[in-house]
1. Show the residue pairs meeting these rules: Cβ distance below 7 Å; 6+ apart or different chains; first residue within segment 55-69 and modelled with pLDDT of 95 or more; second residue among the basic types (Lys, Arg) and near the ligand (Cβ under 9 Å from one of its atoms).
2. Report whether or not residue 186 is surrounded by 15 or more Cβ atoms within 10 Å (Cβ to Cβ) and modelled with pLDDT under 95.
3. Quick check on this structure: which one of 10, 44 is acidic (Asp, Glu), within 29 Å of residue 154 (Cα to Cα) and loosely packed, with under 15 Cβ neighbours inside 10 Å?
4. If you take the residues of segment 88-134 that are touching a Gly at 6+ places or on another chain (Cβ under 7 Å) and crowded, with 16+ Cβ neighbours inside 10 Å, which of them is modelled with the highest pLDDT?
5. State the number of residues belonging to segment 90-101 that are in contact with an Asp or Glu (Cβ under 9 Å, 6 or more places away or on another chain) and within 12 Å of the ligand (Cβ to nearest atom).
6. Keeping to segment 102-128, report how many residues are of a type in the set (Lys, Arg) and more than 10 Å from the ligand (Cβ to nearest atom).
7. Can you tell me which residue is nearest to residue 32 (Cα to Cα) among those in segment 112-142 that are without any contact (Cβ under 8 Å) to a residue 60 or more places away in the chain and basic (Lys, Arg)?
Amino acid sequence: MNHPKPIDYEIPLSNKRYIVSKTDAKGIILYANDYFMEISGYSEAELLGKPHSIVRHPDMPKIVFKMMWDRINKGKNIMAVVKNLAKDGRYYWVVTEFEPKIDPITNEIVAHTAFRKAAPRDAIETMIPIYAELLKVEASGGMEASEKYLRDFLEESNITYDDFIDDLVGNRGLFKLFFKAMKRMMS
Ligand SMILES: Cc1cc2nc3c(=O)[nH]c(=O)nc-3n(C[C@H](O)[C@H](O)[C@H](O)COP(=O)(O)O)c2cc1C
C-alpha cells in the first residue's frame with residue numbers, strides 16, 4: 001500500500017467523540033464512522049474494502065500489531081495506545097479496544113469492531129519512548145527481539161501488558177464506562 005509521507009503534526013482529537021471501524025476477519029474495512037473519515041481524511045469510498053493498515057503509522061512497532069492480532073484472533077479484546085497516520089501525513093493518537101463478531105453456527109470470527117478514543121497525553125508520553133525503542137530493536141533484531149524486549153520490560157516492571165495499559169488509560173473509569181457503553185450500542 002502506498003502510504004502518505006508522515007509529517008510532524010498532530011491532529012487534536014475530541015474527548016467527546018469516538019472513532020469506530022469494522023473489518024472482516026482479515027482486517028479489511030467494512031465500516032467507518034463519520035469521525036474516522038473526518039480525522040483520517042479518507043472518504044468512505046477510499047476506506048471500504050481497504051486493509052486497515054491504510055492508517056498504519058511507521059512509528060508504530062510491528063510487535064504491537066502482532067500482539068493485537070494474536071489476541072483478537074482468539075476472540076479476545078486488547079487495549080492498545082496507537083499512533084495513526086492520516087491521509088495528509090499528519091498523525092493522531094488513540095486508545096483502542098476491540099469487539100469480535102462470532103458466527104453462532106460456525107463459531108468463527110466473522111468481523112472485528114474497533115472503538116477508539118483520544119489517548120490521554122501522559123499515556124502518549126509514556127508510550128513514545130517505548131515504541132521508539134521497540135522500533136529500534138525491531139530494525140536490528142526483528143520481531144523476535146522486540147517481543148523479547150517487551151517481555152523483559154514488563155517482567156522488570158512486574159506487570160502484565162494488560163495491567164500496564166490499564167494503569168495508563170483504563171483506570172480513569174470513564175474510559176471503561178465509555179467502551180462498555182459503546183460495545184452495548186454496537187452489539
Ligand atoms: C478492527 C481492526 C481495527 C484496526 N485498526 C487499526 C488502526 O487504527 N491502525 C493501525 O495501524 N492498524 C489497525 N489495525 C491493524 C491492521 O489491520 C494491521 O495489522 C496494522 O496496521 C499493521 O499493518 P501491517 O501488518 O501491514 O504492518 C486494525 C485491525 C482491526 C482488525
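The values are calculated or read from the model by the stated rules, or taken from the named source; none is laboratory data. Please read these numbers as outputs of a predicted model, since none were measured by experiment. Glycine gets a Cβ as well: all are built from the backbone with ideal geometry, and neighbour counts include every protein chain shown.
1. 57/83; 59/83; 60/83
2. On the way: surrounded by 15 or more Cβ atoms within 10 Å (Cβ to Cβ): no; modelled with pLDDT under 95: yes.
In short, no.
3. On the way: 44 fails: within 29 Å of residue 154 (Cα to Cα).
Result of the check over 10, 44: 10.
4. Residues of segment 88-134 that are touching a Gly at 6+ places or on another chain (Cβ under 7 Å), as a first pass: 88, 100, 102, 109.
With the extra rule that they be crowded, with 16+ Cβ neighbours inside 10 Å, the set shrinks to 100, 109.
Details: 100: 92, 109: 97.
By that ranking, first place goes to 109.
5. Here is the first cut: in segment 90-101, the ones in contact with an Asp or Glu (Cβ under 9 Å, 6 or more places away or on another chain) are 90-93.
Imposing the further condition that a residue be within 12 Å of the ligand (Cβ to nearest atom) reduces the set to 91-93.
Count: 3.
6. Quick first cut of segment 102-128, residues of a type in the set (Lys, Arg) only: 116-117, 121.
Next cut, more than 10 Å from the ligand (Cβ to nearest atom) only: 117, 121.
The total comes to 2.
7. So, considering only residues that are without any contact (Cβ under 8 Å) to a residue 60 or more places away in the chain and basic (Lys, Arg), the one nearest to residue 32 (Cα to Cα) is 121.
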